[in-house]
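Worksheet: one structure, shown below.
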Amino acid sequence: MLSEKYKDFTGWTIYQIYPRSFQDSNGDGIGDLQGIISKLDYIKELGANAVWLCPCFKSPNDDNGYDVSDYRDIMDEFGTMDDMDALIKGLHSRGMKLILDLVPNHTSTDHRWFQESRKGRGNPYSDYYYWFDEIPNDWQSAFGGSAWQYDALRGQYYLHTFAASQADLNWDNPAVVKEMQGVVDFWVDKGCDGFRIDVIDCISKNIEMGENSHGPRLHEYIRALFGREKVSHLFTVGEGNTNDIEDIVLHCGSERNELSTLFIFDHMECGRSDKFTPKEDSLKTLRNHLVYWQTETDKNDLLYSLFIENHDQPQIISRIGNDKELRYESATDIATMVYLLKGVPFIYQGQEIGMPAAHYDSIDDFDDVECLGYYHKYRETLSEEECLRKINFGSRDNARHPMAWDDSRNSGFTDENATPWLLPHNRAAEVNVAKDLASEKSVYRFYKDLLKLRKDNKAFQYGDVEVFSKAEDDFFVYTRSHGDSKWVVVCNFETQQNIELPFECEMPVLANMNRATASGCYAPYECAAAKVK
Ligand code: GLC
Ligand code: CA
C-alpha cells in the first residue's frame, strides 16, 4: 500500500514549464515570469494543479539556468523577486502548487562562492569545490571533453561534470550542505511546495575510486536536505539516473525521509539506440517499460513518476508515434497508456497539444550546449548532412523551442517584430494552441478529459493496477480498481485489430475516436477507457 502522503501526491498533476520558452511578456524574445502568470488559467483549465519551473535563479545561462550564480535571486531575463511572489500568489490563489528546480550539484563559475574559492587556499570558500594540483582521474564531462578544468588564478584544476562553467560543489564540506539547506528553507519560506532536484545522484562522489555519482554519502546528504522536519512534507522528485530498484527503494521508500519519487528514464530509450541515433520501434517497447516499473514500484510501495517528455528529451510521439497523419491519435494514445497508470503525472509544455519534434537546416539555429558539443565531435568523422540529421533528432532544443500559441510570426510567444531567443518551432503554423483548441481533434481537450477522469476517480490515482494484455500483444490493456469501482484502459498500437475484453463494460467515457463499446475493432493508435460493469 502506498503511504497516505504518497497517495495524496498521486492526485497532483504537474505541468512542467521551461520559462525561457513559454511566454514572453515584454518583447525581449525571452519567456519570463509575467508571461507564465498570464497563462496560469490555461494550465489550470487543462487540469494541472502544480507547476514545475525549470531553474529561474540568477544565471549567466550557459546551460539555460542550470548554471546558477545566485540561488536566492531571480534570473534578470525572467523578472524580479516581486514577479516570483506574484507567481506564487497566482498559483496558490488557484489552489495550485509551485515546484522549483534545485541545482545542488554545481554552480555557475560566476557564483560568488566560486569567485571566492578560486582566489586561493585558506579562505572560507576554498573548499566549496573540488580542487586538485593534478588531474586525479579520467572523468569526462557529460557535455564532452575532460571533466577537469585548469583555473589559472588558483593554479589548480576543478571538477565540472557538465559544462566548464558549471563547477561541481564539494558536498563533503559541511559548509556546502548548510548553504544548500539555507537555499531550500529560503524558498519554502517564500511558499514553494516542492522541488525537482537536478542530478541528485551526483552530489556524493568518490574521486579516488573513480565514481562520480552514487558516492558513499549520497543518502546522508539527501536527508540533510529534505529529511528535516521543516521540509519533510514537501513533494520532491529527483533526477536520479538509476534504474536499480534497490537504489530507488533507498531513495524513495516512504520511511526513508529522502525523496518522494525519482524520474526513471528507461522508457526514454524508445525509438532510439542512443541520444542521437534513431531506431525502429513500437509502442510495445513503451508498454513493456511501463509494465515493468508499475510492477516494481507497486511491490515496493513507491511513488512512480509518470512522464514521457521534459526539457532534455525530444518529443516521444516523433520517435514511436506517427507525428504526421496520425499525430492526434498517437499523442492521445500515448497519453492514455501512461497517465491512467499509478503514480504522479508530469506534463511538459506543448505535450498537451501534441507538439512533434522540430527540424532545422543549419547548425547555427541550435543553442543547446550539449548538442553543440556532440556536433563538433560527430563532425570529425561524419558529413555535415549526417551531423545535422543526428542533431535534429537528438537536440534538447526540440523541447525548448518557443511554445506555439498561435500561427503568427513568432507563434504568439513574443511580439511579432521581436527576435525570440530560439527560433519558433518549424511546425508552429500547423501545430499550435489556438489551432488545437479550434479543431475537432483537440489534443488539449483530450488531456483535459483524461486528467478530469483521473481527478474524479481514486481508482486512477492509487487504485490497483492489473495488466491484461500479454507482452507479445500489439496492444495494451490494463484495469484500475479501488473499492467497488473498476475501470479498463485499452490502447492499441500501430496496426488495426480486434480487441476482445474478458468483462462487460459501460460505454467508454474517454476515447480518441468514436467508440460505442470498449471491445471490438481498434484502428491504429485508437484508445479508450471504460467502466467495468
Ligand atoms: C540535468 C538537467 C539538464 C542540465 C543538467 C546539468 O540533466 O535536466 O537540463 O543540463 O542536469 O545541470
Ligand atoms: Ca521577456
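Computed from the coordinates by the stated procedures, all read-outs in this text should not be read as laboratory data. From a predicted model like this one, the values you see are computed outputs, not experimental measurements. Every residue, glycine as well, gets a Cβ built from its backbone with ideal geometry; the counts of neighbours run over all protein chains shown.
So if I take the alpha carbon set of region 398-533, get Rg, then get Rh from the Kirkwood formula, what is the Rg over Rh ratio?
Rg/Rh: 1.11.
May I ask what percent, to the nearest 5, of DSSP beta bridges between residues of the chain are antiparallel?
Rounded to the nearest five, the antiparallel share is 60 percent.
Ordered by packing density, taken as the mean number of other Cβ atoms within 10 Å over each peptide's residues, highest first, how do 188-197, 208-217 rank?
Descending packing order for the listed peptides: 188-197, 208-217.
How many percent of the alpha carbon pairs in region 460-531 exceed a separation of 13 Å?
62 percent
With a sphere of radius 14 Å drawn around the Cβ of Glu296, what net charge do the other residues whose Cβ falls strictly inside it have (Lys, Arg +1; Asp, Glu -1)?
-4
So what is the relative contact order for the chain, in percent, with contacts set as C-alpha pairs under 8 Å and at least six apart?
Relative contact order for the chain comes out at 13 percent.
In a Debye calculation with equal point scatterers on the alpha-carbon sites of the chain and no solvent, what is log10 I(q)/I(0) at q = 0.06, 0.08, 0.11, 0.12 Å⁻¹?
-0.28, -0.51, -0.99, -1.19
So, in nm, how far is label Phe186 from label Ile135 when the simple model puts each one 7 Å beyond its Cα toward the Cβ?
Result for the modelled spin labels: 3.4 nm.
Considering only Gly145, Phe162, His111, whose Cα is most displaced toward the positive end of the charge dipole of region 106-168, charges sitting on Cβ of Lys, Arg (+1) and Asp, Glu (-1)?
Working it through, the farthest residue towards the positive pole turns out to be His111.
Suppose a student asked you for the relative contact order of region 106-168, using Cα pairs under 8 Å spaced at least 6 residues apart; what percent would you report?
34 percent
Answer with one residue from Ser126, Ile248, Leu46: the one whose Cα lies farthest towards the positive end of the charge dipole of the chain, charges on Cβ with Lys, Arg +1 and Asp, Glu -1.
Final value for the positive-end residue is Leu46.
From the residues Gly227, Pro216, Phe366, which one has its Cα farthest along the dipole of the chain in the positive direction, the dipole being from +1 and -1 charges on Cβ of Lys/Arg and Asp/Glu about the Cα centre?
Gly227
Rounded to the nearest 20 debye, what is the charge dipole size of region 208-283 about its Cα centre when +1 sits on each Lys and Arg Cβ and -1 on each Asp and Glu Cβ?
380 debye
About its Cα centre, what dipole magnitude does the chain give when the only charges are +1 on Lys and Arg Cβ and -1 on Asp and Glu Cβ, stated in debye to the nearest 20?
1380 debye
Add +1 for every Lys or Arg and -1 for every Asp or Glu among the other residues with Cβ under 14 Å from the Cβ of Glu504, and state the total.
It works out to a net charge of +1.
How large is the helix-only mean residue ellipticity at 222 nm for the chain, computed as the sum of -39500 (n - 2.57) over DSSP H runs with n ≥ 4, divided by its residue count, in deg cm²/dmol to the nearest 500?
Rounded to the nearest 500, the figure is -8000 deg cm²/dmol.
On a straight-distance basis, which aspartates and glutamates could pair with Lys531 in a cross-link, Cα separation under 12 angstrom, same-chain partners fewer than 8 positions away excluded?
Asp484, Glu504, Glu506
On a 0 to 90 degree scale, rounded to 10, what angle separates helix 327-339 from the longest Cα axis of the chain?
With rounding to tens, the tilt is 80 degrees.
Compare the peptides 282-291, 396-405, 171-180 by average per-residue count of other Cβ atoms within 10 angstrom and give them in order, highest first.
My ranking of the peptides, most packed first, is 396-405, 282-291, 171-180.
Relative to the longest principal Cα axis of the chain, at what angle does helix 81-93 sit, 0 to 90 degrees, rounded to 10?
Helix 81-93 sits at roughly 30 degrees to that axis.
Please report the projected area of region 311-387's Cα convex hull averaged over all directions, in nm².
If I average the Cα hull's projected area over directions, I get 6.6 nm².
Over the Cα atoms of region 255-360, Rg to Rh with Kirkwood Rh, two decimal places?
Result: Rg/Rh = 0.98.
How many angstrom separate the Cα center of region 407-431 from the Cα center of region 101-142?
Here the answer is 39 Å between Cα centres.
Please give the charge dipole size of region 460-531, origin at the Cα centre, charges +1 on K and R Cβ atoms and -1 on D and E Cβ atoms. Round to the nearest 20 debye.
Value, rounded to 20: 220 debye.
Tell me whether region 106-168 comes out rounded, prolate or oblate; compute the Cα gyration tensor, take square roots of the eigenvalues as a ≥ b ≥ c, and use a/c under 1.5 as the rounded threshold.
Here region 106-168 falls in the oblate category.
Defining a contact as two alpha carbons under 8 Å apart and six or more residues distant in sequence, what relative contact order in percent does region 460-531 show?
Relative contact order, region 460-531: 28 percent.
Report, in degrees rounded to the nearest 10, the 0 to 90 angle that the Cα long axis of helix 174-190 makes with the longest principal axis of the chain.
50 degrees
Step through the table entries Lys5/Lys178; Lys58/Lys390; Lys324/Lys470; Lys7/Lys458, compare each Cα-Cα distance with 21 Å, and write down the pairs that go over it.
Over 21 Å Cα-Cα: Lys5/Lys178; Lys58/Lys390; Lys324/Lys470.
State, to one decimal in nm², a quarter of the convex hull surface area for the C-alpha atoms of region 26-122, i.e. the direction-averaged projected area.
7.4 nm²
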